[in-house]
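Single-structure report; data block below.
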Amino acid sequence: MIKQKRALGRALTLAVAATVAVTALTGTAAAQAGDTAAGVGNGADQARLRQLMHRLTTVDGGPGALLHMRDRRGDMVLTSGVADVNTRAPVPRDSSFRIGSMTKPFVATVVLQLVGEHRISLDAAVERYLPGVVRGEGNDGRKITVRQLLQHTSGVPDYLDHLDPREILKDPLAHHDTSDLVKLALAHPPVFAPGAGWGYSNTNYLLAGMLIEKVTGRTWGVEIRRRIITPLGLRATSVPGDALVIPGPHPRGYARPGQDAPLLDVTAFNPSVAGASGEMISSGADVGRFLGALVDGRLLRTAQLREMMRTRPTGDSGGRAYGLGLESRRLPCGGLYWGHGGDIFGYETAAGATVDGGQATIMVNLDPGGSDAQSDDMKNAVQTALCRDRSRASR
């Protein structure tokens, strides 16, 4: 959800209405690791993963971190640091957390299921499903397709570019109506003409959620529960709506207002400000199970999965390419992995899966205010975990 964490961190420094609890980070616990998979071993990749986890909660400044890995032999969990900077409690191995923009692949999957059911056409205008909604300042739903929403090629402005985070923090428990957030975005001109570029916009997925509701008569959250969460048995995954708490064991979520500022505890937060662009809660195990089911074809028909994996470059120097709610990156050991990242107040996540069964999800309970190094080390941990699975498979 939050695209520019460092910029948001600077804005938070100015937030005088910090009604959330303030607490100082005084250090991190030593890395803790657990292993539920047989024959994991302690090779170079294993040492690298432990090093990255330790970096995340020392050099990078995160309070705590969790990495969940799965391959065809079983699961493994590594944790480092603390879940609570006051009590110094370790990060629970079965933690739930807010997943931010990792919500987008769930939403895109539901839209593509509806495409497979011939209830939505990818190349139809958004206007067909949401008449009169996308209007104003040059934005025109008659010229934007469903595909362009899912692939961030619509040119629709991102509402988060026009929403002051200080206003959110003045009342972090307040409800935010999706239609109001969309109107906020559409009060500004398009970033580019539909199809003429690529630009990440959370507004695209607010509209995708509205589209699901219009077509099915049920909210996007209900459709995700009945089509994905329940069939896959994702017990730690939920669409909270206005619910403020994270169910089950979880680390507290923190934001860092400035480089040397104390942390803000932002665990209690109304995620309706993210909506279908980033509202969901899940766990490392559940995110991995979802991505695994998605890339191996258990959630989408072949034609729709092919469309989802038809990517376009994003201009990222790391080779990131974006499909329909799913992005691909190159693995240093060869090939691609599929996944998404996410960040929302209190938590940053990254996850990926390979078509040969590897899955990895990582979480740090700091956002915004994490460094560029935090994001880079999270990405490197996911890639190292997936390459480790491949090296084991080749032996």
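For region 47-60, the criterion of being in a strand (DSSP E or B), surrounded by fewer than 24 Cβ atoms within 10 Å (Cβ to Cβ) and in contact with a helix residue (DSSP H, G or I) (Cβ under 9 Å, 6 or more places away or on another chain) is met by no residue.
Whether any residue in region 247-257 is out of contact with any Gly (no Cβ under 6 Å at 6 or more places or on another chain), more than 22 Å from ALA236 (Cα to Cα) and at pLDDT below 95 is what I want to check. Yes, because at least one residue in region 247-257 is out of contact with any Gly (no Cβ under 6 Å at 6 or more places or on another chain), more than 22 Å from ALA236 (Cα to Cα) and at pLDDT below 95.
The set of residues in region 358-372 being at pLDDT below 95 and out of contact with any Phe, Trp or Tyr (no Cβ under 9 Å at 6 or more places or on another chain) consists of GLY370, SER371, ASP372. When ARG6, ARG10 are screened for being modelled with pLDDT under 50, assigned to a helix (DSSP H, G or I), in contact with an Asp or Glu (Cβ under 8 Å, 6 or more places away or on another chain) and under 26 Å from ASN202 (Cβ atoms), only ARG6 passes. Count of region 80-125 residues, restricted to those that are open to solvent by 10 Å² or more (accessible area, probe 1.4 Å) and within 21 Å of the chain's Cα centre (by Cα), is 4.
When region 351-372 is filtered for residues that are more than 25 Å from ASP71 (Cα to Cα), open to solvent by 10 Å² or more (accessible area, probe 1.4 Å) and assigned to a loop (DSSP other than H, G, I, E, B), the ones remaining, listed by number, are GLY369, SER371. If you check PRO172 against the conditions, is it at pLDDT below 95 and either out of contact with any helix residue (DSSP H, G or I) (no Cβ under 9 Å at 6 or more places or on another chain) or crowded, with 18+ Cβ neighbours inside 10 Å (or both)? Yes: the conditions hold for PRO172. Figure legend. Inter-residue proximity from region 363-389: first residues more than 17 Å from PRO63 (Cα to Cα), second residues assigned to a helix (DSSP H, G or I) and open to solvent by 10 Å² or more (accessible area, probe 1.4 Å), beta-carbon distance below 6 Å, spacing 6+ or different chains. Indicated pairs: THR384/ASP45; THR384/ARG48; ARG388/ASP45.
Scanning region 61-90 for residues that are assigned to a loop (DSSP other than H, G, I, E, B) and either under 20 Å from ALA236 (Cβ atoms) or in contact (Cβ under 8 Å) with a residue 12 or more places away in the chain (or both) yields GLY61, GLY62, PRO63, ARG72, ARG73, ALA83, ASP84, VAL85, ASN86, ARG88, ALA89. Scanning region 98-142 for residues that are among the charged types (D, E, K, R), over 24 Å from ARG227 (Cα atoms) and out of contact with any strand residue (DSSP E or B) (no Cβ under 7 Å at 6 or more places or on another chain) turns up GLU127, ARG135, GLU137, ASP140. Of everything listed in (1) part of a loop (DSSP other than H, G, I, E, B); (2) in contact with a helix residue (DSSP H, G or I) (Cβ under 8 Å, 6 or more places away or on another chain); (3) within 19 Å of PHE345 (Cβ to Cβ), the single unmet condition for LEU181 is (1). Scanning region 149-169 for residues that are farther than 18 Å from GLY278 by Cα and open to solvent by 30 Å² or more (accessible area, probe 1.4 Å) gives ARG166, GLU167.
The values are calculated or read from the model by the stated rules, or taken from the named source; none is laboratory data. Only a predicted model underlies this, so the values are computations on that prediction, with no experimental measurement involved. So basically every Cβ, Gly included, is an ideal-geometry build from the backbone, and we count neighbours across all protein chains shown. Accessible surface is based on the protein model in full, side chains and every heavy atom, while ligands, DNA and RNA are left aside. Shrake-Rupley method; radii C 1.70, N 1.55, O 1.52, S 1.80 Å.
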